[in-house]
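Here it is: the structure, laid out below.
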Amino acid sequence: MRNILFGLFFLTPLISNCQIKPINFTDCKTDQMFVQAEVEPKWNNDTIGLIDYLNKFISDKNLQQVENGIIVIGILIYPDGKTCCYSFSNMTKVELNAEIYREVINKMPNWTAAIQNGGKITFLKQQVLKIKNGKFIIK
């Protein structure tokens, strides 16, 4: 009973104040993917960090209107390190253009691939991105 009340009084207002519209893109091709691995994939760029990369290349004008919020991007990371935007969930009060995020994720520099049982695998990374005053920040 307590869990039901928690959901009704706490989660419902959170959801109603957000714009949670999960979008699954269909252009990521894979027969099998993992969400856990012995060695998870890593951002593989010494010249720019992931957050700085996103702040530099995402040009969604509506992002500037987000004071505080979160988006979750599903990034499919292939064995060769290439990326594909698998999903996008907007948990802000502002409408954001998912296509902009998909394009930037699909053009990312290669990651270091995930490893399972000694071999490189396709991995689905759920990247949670916190937004403060229109910029992505480290959570």
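How high is the FRET efficiency from residue 29 to residue 70, r the C-beta distance, R0 25 Å, rounded to 0.05? Before the final figure, lay out the partial values.
Numbers: r = 28 Å, r/R0 = 1.12.
Given R0 = 25 Å and the Cβ-Cβ separation, E is 0.35.
Once phi is turned into ³J(HN,Hα) by the Karplus curve 6.51 cos²θ - 1.76 cosθ + 1.60 with θ = phi - 60°, what whole-Hz value does each residue of the stretch 113-123 show in order, with x for glycine and proline?
Values per residue, Gly and Pro as x: 5, 6, 10, 9, 6, x, x, 6, 10, 7, 10 Hz.
I would also like to ask the following. List the lysines whose Cα sits under 20 Å from the Cα of residue 56, skipping any in the same chain fewer than 8 residues away.
Qualifying lysines at Cα under 20 Å: 42, 82, 107, 130, 132, 135, 139.
Return the long-range amide H neighbours of residue 45 (sequence gap of 5 or more, or a different chain), with a cut-off of under 5 Å between placed amide H atoms.
Close amide H contacts, sequence-distant or interchain: none at all.
Loop only by DSSP, 15 or fewer other Cβ within 10 Å of the Cβ. Give me the trypsin sites (Lys or Arg not before Pro) in the stretch 91-137 that pass, ordered by residue number.
Numbers: sites: 93, 102, 107, 120, 125, 130, 132, 135; in loops: 93, 107.
Filter output for the stretch 91-137: 93, 107.
Given an 8 Å cut-off on Cα distances and at least 6 residues of separation, report the relative contact order of the stretch 2-137 as a percent. It would help to have the intermediate numbers written out before the result.
Details: 265 pairs, mean separation 48.2, N = 136.
That works out to 35 percent.
Right, here's the next one. What net charge do the residues around residue 78 carry, taking every other residue with its C-beta under 15 Å from that of residue 78, with Lys and Arg at +1 and Asp and Glu at -1?
Numbers: positive: 29, 42, 82, 107, 120, 125; negative: 27, 31, 40, 80.
With Lys, Arg at +1 and Asp, Glu at -1, the net is +2.
Using amide H atoms built in the peptide plane, which far-off residues or other-chain residues are under 5 Å from residue 116 H to H?
Under 5 Å from the amide H of residue 116 lie the amide H atoms of 121, each far enough along the sequence or on another chain.
Can you sort 94, 35 from fewest to most other Cβ atoms within 10 Å of each residue's own Cβ?
Fewest-to-most Cβ neighbours within 10 Å comes out as 35, 94.
Using a 7 Å offset from the Cα along the Cα-to-Cβ direction at both residue 103 and residue 51, what is the distance between the two label points in nm, to one decimal?
Placing both labels 7 Å beyond Cα along the Cβ direction yields 2.6 nm.
Relative to the present Cα-Cα distance, how much length would full extension add between residue 82 and residue 135 at 0.36 nm per residue of separation? Please list the in-between numbers first.
Working: separation 53, 0.36 × 53 = 19.08 nm, distance 2.48 nm.
Length gained, residue 82 through residue 135: 16.6 nm.
Sort 92, 26 by Cβ crowding within 10 Å, fewest neighbours at the top. Write out the running numbers ahead of the final one.
Values: 92 20, 26 6.
Ranked by crowding around the Cβ, least crowded first: 26, 92.
Hey, with R₀ at 41 Å, roughly what FRET efficiency would residue 61 and residue 36 work out to, going by the Cβ-Cβ distance, to 0.05?
Details: r = 37 Å, r/R0 = 0.89.
That pair, residue 61 with residue 36, gives E of 0.65.
Another question, then. For the stretch 2-137, restrict the atom set to alpha-carbon positions and state the Rg and Dmax in Å.
For the stretch 2-137, the Cα-based Rg and Dmax read 16.3, 49 Å.
Let me ask something additional. Using amide H atoms built in the peptide plane, which far-off residues or other-chain residues are under 5 Å from residue 87 H to H?
Close amide H contacts, sequence-distant or interchain: 25, 74.
With a cap of 13 neighbouring Cβ atoms within 10 Å, and only residues DSSP puts in a loop, list the GluC sites (Glu not before Pro) found in the stretch 73-122.
Working: sites: 95, 99, 103; in loops: 95.
Listed in order of number, the matching sites are 95.
Coordinate-derived values only; no laboratory data. All of these numbers come straight from a predicted model, not from anything done at the bench. Neighbour counts are summed over all protein chains in view; Cβ atoms, including those assigned to glycine, are modelled from backbone coordinates with ideal geometry.
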